[in-house]
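One structure is given below, encoded as structure tokens.
The values are calculated or read from the model by the stated rules, or taken from the named source; none is laboratory data. This one's a predicted model, so the numbers in the text were calculated from it and none came from an experiment. We place every Cβ from the backbone using ideal geometry, glycine too, and count neighbours over all the protein chains shown. Remember, those area values only see protein heavy atoms, side chains included, never the ligands or the DNA or RNA. Shrake-Rupley method; radii C 1.70, N 1.55, O 1.52, S 1.80 Å.
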Amino acid sequence: QAKENTSEFEGNKIFKPYLLKKIFGQNDGLKKLKFSSDDGRAVEFKEIDLSKKEWYAQNTLFGTSEEQNFLKFIEEIIGEVKKRYHQVAILRNERFFFFFYIDKGRAIEPDFLMLLKEEGGKIKVYQIFIEPKGDQFKDAEGSYENSREGWKQTFLLSLEKDAQIEYQSEGSEFKFVSLPFYNENLKREFEKVFKEKLLR
């Protein structure tokens, strides 16, 4: 039986601005990670020297193969992205932040945050949450729509249309861009959406 004085929570679709240093700067931005020896994330990503990539905000990655593949995709396409945007930044979300999907009441922690800044007349800032997913999470049709992780993709795809951004600044504009899960075997589909939404 539920207690009568249990607090009630009401969700909304309002996103308020926070300084990055307040989110990612906790403990000087350092996170202590612990993995079992058989965890795929226990091996540091070495194929790209992330410490020398100005577009990657941290200096390394301990991540899944799909997360590594996503960064390799960015490395392949970064030249086109830089032609379009004045500033590019990707941050690995290692439990720095999470939010709740209202319809499900479950927390989601997107693996990456991508920020793009476009200047010329009005300054435009685009924020993209990116979630790489392995094949083991796919549904019977080889996609994610009906998989157990599908609700996360549904939520991320809804932000572009449904999120209410509480941001006011003269001469600048802020918006979400929604992308599907990144998967190496669905790379062409992801790249198509990425280019249509961000490189037109």
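Some notes on this structure:
- Treating r as the C-beta distance of N59 and I123 and R0 as 25 Å, the FRET efficiency rounds to 0.35.
- Computed over neighbours whose Cβ is under 14 Å from that of Q87, the net charge equals +3, Lys and Arg +1, Asp and Glu -1.
- Working from Cα pairs under 8 Å separated by at least six residues, relative contact order for segment 60-192 is 23 percent.
- For Y56, the residues 5 or more places off, or on other chains, whose built amide H falls under 5 Å of its own are I90.
- Across the cross-link table entries K72/K197; K52/K161; K138/K192; K16/K138, which are compared at the Cα atoms, the separations over 28 Å belong to K52/K161; K16/K138.
- Taking the protein heavy atoms of segment 41-200 in the context of the full set of protein chains, the accessible area attributed to carbon and sulfur is 45 percent at 1.4 Å.
- Selection of GluC sites (Glu not before Pro), segment 163-200, meeting DSSP coil and at most 14 other Cβ within 10 Å: E166, E170
- Euclidean distance of C-alpha centroids, segment 149-170 and segment 96-134, integer Å: 8
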